[in-house]
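Step one of this worksheet: look at the structure below.
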Amino acid sequence: MSHIGRNIKKIRSVKGLSQEQFANIINVKRASIGAYEEGRAEPKIPAIMEIANHFGISIDDLLTKELTVNDLYRFDIFRDDLQQFGANNLLPSRDVTDLLQIPFISIGEREDLLKSADVPRFLGSLPALCLPLSKGRSYIALEFGADDAPGVLGQGEIAIASSIDLDDVLNHEGRAAFLIQTEKDIGCFRVLRHRIREWRLNSYAENQVVRIVDQKLIKQAWRVESVITKNVSRHLHSGLDSYDMESRLKALEAALAKKS
């Protein structure tokens, strides 16, 4: 019997990846990862090869051996991070950069996003931006208008944000910028705990309370990774990174050079 389902779960745990993020790495649906981990299905050969190549693990070990944390520690992709941060830190931070096509939500399409009953299908129908980003995450690009997101994003600026599970948002309480979509609107906020299952949404720059929301009313959350802007100086002290295209392209060139 193959051990790959349990090994996928162990790799995700050590790497700190959600099922959706792992699915994006090997180009399958999120539900497939759950099926693999529960033993209801096994990945096909292309997916197995992608796992082996991405994480530096032999196909033989993936299929025939139940991997331990010690085994994963010996694989190169984990080693540098573990040596740097200590043997008990098992959340490697190395990102694999690739050119990704991500859906672009213009100001004119915001209303359609809010009305959509099937957000993934809607996002798949949008025009895309091609940007060098960290592989294994699901991104959106959201354009802002003059009246959006008080104090942090201005007219014509674009937030590049990665999908995050709602249960993980408060792990970054008050420290990160999030795009929060409710049934009525979407904006850029700091998120803090108010009461059990209630969030306090603060404007990012001024850190003033905008409103209190029940978590069950939140449809989706994305963590803002960077901002495409014509006014870099406005963001230097905001806690948000302006989109550094040059450095990301250099990282991508280096990664492609290693593959060739």
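Among the residues of the stretch 171-201, what is the count of those that are open to solvent by less than 60 Å² (accessible area, probe 1.4 Å) and either within 19 Å of SER226 (Cα to Cα) or touching a strand residue (DSSP E or B) at 6+ places or on another chain (Cβ under 7 Å) (or both)? Let's see the steps before the verdict.
First, the residues of the stretch 171-201 that are open to solvent by less than 60 Å² (accessible area, probe 1.4 Å): 172, 174, 176-182, 185-192, 198-199, 201.
Checking the rest, the ones that are also either within 19 Å of SER226 (Cα to Cα) or touching a strand residue (DSSP E or B) at 6+ places or on another chain (Cβ under 7 Å) (or both) come to 172, 174, 176-182, 186-192, 198-199, 201.
Qualifying residue count for the region: 19.
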key: Count of residues meeting criterion [within 18 Å of PHE22 (Cα to Cα) and exposed (fewer than 13 other Cβ atoms within 10 Å of the Cβ)] in the stretch 53-66   = 2
task = Working only within the stretch 198-236, note down all residues that are at pLDDT below 85 and among the basic types (Lys, Arg).
result = LYS230, ARG234
inquiry  = So in the stretch 67-87, with the set limited to residues that are farther than 19 Å from LEU17 by Cβ and open to solvent by 60 Å² or more (accessible area, probe 1.4 Å), which one is modelled with the highest pLDDT?
reply    = ASN70
query = Counting just the residues of the stretch 104-131 that are touching a Leu at 6+ places or on another chain (Cβ under 7 Å) and over 18 Å from ASP185 (Cα atoms), which one comes out surrounded by the fewest Cβ atoms within 10 Å (Cβ to Cβ)?
reply = CYS130
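Could you grab me the full set of residues in the stretch 132-148 that are open to solvent by 20 Å² or more (accessible area, probe 1.4 Å) and farther than 21 Å from PHE189 by Cα?
Narrowing the stretch 132-148 to residues open to solvent by 20 Å² or more (accessible area, probe 1.4 Å): 135, 137-138, 143, 146-148.
Scanning the stretch 132-148 gives a single hit, LYS135.
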key: Residues of the stretch 171-190 that turn out to be closer than 15 Å to LYS216 by Cβ, in a strand (DSSP E or B) and over 17 Å from the mean Cα position of the chain (by Cα), as a count   = 1
ask   = Restricting attention to the stretch 149-170, which residues are open to solvent by 30 Å² or more (accessible area, probe 1.4 Å) and over 19 Å from the mean Cα position of the chain (by Cα)?
value = PRO150, GLY151, GLN155, GLY156
remark   = Matching residues in the stretch 9-51 (over 21 Å from the mean Cα position of the chain (by Cα) and either on the phi > 0 side of the Ramachandran plot or touching a residue at least 60 places away in the same chain (Cβ under 8 Å) (or both)) number 1
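The values are calculated or read from the model by the stated rules, or taken from the named source; none is laboratory data. Owing to the predicted nature of the structure, the values given are computational and were not obtained by experimental measurement. Glycine also receives a Cβ, built like all others from the backbone with ideal geometry; neighbour counts cover every protein chain displayed. These area figures cover heavy atoms from the full protein model, side chains too; ligands, DNA and RNA do not enter into them. Shrake-Rupley method; radii C 1.70, N 1.55, O 1.52, S 1.80 Å.
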